[in-house]
Amino acid sequence: MNLAIKSILFVAGSEYARWLKNPRFLLVLAASVPIHELIVRPMMRAAEEMAQPLNMFETSIAVANSGFSLLLFPLIYLVLIAPFPTVDGNMLYYLARMGRRNWILGEMLFQLLSAVSFCAVIIGVTLVQTVGISFLADGWSIPVTDYDKLGNVGGIHMGTLIAPNLYYQLPPYQALFLSYILLDLFLVLCSMAFLLGCLYGKKLLSFLLVAAQLALGCGLFVTRSVLMWALPFSHCVLSIHYQKYFRRYVFPPWLSVVLFAVLLLVLGVMAYRKVQKVSIDMIGGDVAL
């Protein structure tokens with residue numbers, strides 16, 4: 001069957017509508033509690049102590065560059081997409097009508113939409129918490145750049161929340177954009193690997209492997225091992241791409257984007273070719289959590 005944009009959009013829209021109704025979304029709200037305590041609240045305290053506002057997007061940038069949140073949120077995202085692709089009793093008729101190629105491309109589009117929406121929710125949750133004590137401008141706030149000069153009087157180390165690597169090298173808007181582009185690509189890569197595992201009838205195994213590389217990648221990132229660049233995790237952390245003072249890259253962010261794109265292309269081609277031969281009975285079901 002020929003490719004049909006309408007069919008691809010229909011598949012993506014149907015899956016996206018089911019995804020939005022997923023009760024597991026409550027996990028995102030639950031995750032906002034430790035994120036508030038570990039990242040947002042210390043930044044708010046620093047702003048109050050200095051009697052200076054934060055930039056509206058600084059907490060979102062901090063979340064997107066924290067090892068803890070970059071382990072927690074991708075795991076939650078994996079849990080949210082675990083029931084997909086959706087396969088029910090009408091699947092054979094569904095595929096006959098849509099075509100397998102249109103179906104798999106629709107699933108890929110759904111993954112992109114879900115990842116972008118997930119990142120938007122993260123940004124929204126952090127914005128809501130600080131909107132009353134923040135300003136909107138493309139400049140870093142005084143609490144972020146100068147709080148540590150006070151000598152850590154409040155037990156807060158701002159440099160661990162937003163690294164100098166970022167505010168010495170990038171304006172906030174660019175840091176926000178690049179941070180969430182990298183995070184979004186990383187989430188899509190994880191979901192694409194999961195989708196490919198589903199096509200091979202290894203849904204649980206692929207889920208565990210993706211979760212394992214998340215944990216290993218986070219461990220290498222925290223220890224700053226040179227091996228951290230061998231896994232996708234570190235490529236989604238914008239702050240470690242830059243040196244602290246010199247305008248030189250440790251690893252160019254654009255190269256991380258290219259690497260993500262190449263990996264996504266490889267996995268996408270593999271899934272596109274595999275869908276022509278896969279048995280529908282091997283795809284469905286949820287991951288028991």
Helix-only estimate, please: 222 nm mean residue ellipticity of the chain, summing -39500 (n - 2.57) across DSSP H runs of length 4 or more and dividing by its residues, to the nearest 500. -20000 deg cm²/dmol
Identify all lysines with a Cα-Cα distance to Lys202 below 24 Å; exclude those on the same chain that are fewer than 8 residues away in sequence. Lys274, Lys277
Please list the helices of the chain that count as membrane-span-like by this rule: a mean Kyte-Doolittle hydropathy of at least 1.6 together with Cα atoms stretching 27 Å or more along the helix axis, each helix being a complete DSSP H run. 172-199, 203-223, 253-274
Judged on accessible area alone, 1.4 Å probe, highest first, Leu78, Leu136 line up as Leu136, Leu78
Alpha-carbon Debye profile of region 42-81, log10 I(q)/I(0) at 0.18, 0.20, 0.31, 0.34 Å⁻¹: -0.60, -0.67, -0.97, -1.04
According to the Cα gyration tensor, what semi-axes, each the square root of 5 times an eigenvalue, does the equivalent ellipsoid of region 166-272 have, listed from largest to smallest in whole Å? 28, 15, 11
Eigenvalues of the alpha-carbon gyration tensor of region 190-244, times 5 and square-rooted, give semi-axes in Å, largest first, of 27, 11, 7
For the chain, with every protein chain kept in place, what is the accessible area per residue (1.4 Å probe, Å²)? 47
Calculated P(r) tail over 20 Å for region 94-229, as whole % of Cα pairs: 65
Project the alpha carbons of region 1-120 onto their principal axes and report the range along each, largest first, in whole Å. 64, 24, 21
The chain, Cα convex hull volume normalised per residue, Å³: 134
Which net charge results for the neighbourhood of Gln174, defined as the other residues with beta-carbon distances under 14 angstrom from its beta-carbon, given Lys and Arg at +1 and Asp and Glu at -1? -1
Could you please tell me the mean projected area of the C-alpha convex hull for region 105-173, averaged over all directions and given in square nanometres to one decimal? 6.6
Over the chain, what percent of the accessible surface lies on carbon and sulfur atoms, probe 1.4 Å? 67
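The values are calculated or read from the model by the stated rules, or taken from the named source; none is laboratory data. Every value quoted in this text rests on a predicted model; they were computed, and no experiment measured them. Cβ coordinates were reconstructed from backbone atoms using ideal geometry, including for glycine residues, and neighbour counts include every protein chain displayed. Please note that ligands, DNA and RNA were not included when accessible areas were found on the heavy atoms of the full protein model with its side chains. Shrake-Rupley method; radii C 1.70, N 1.55, O 1.52, S 1.80 Å.
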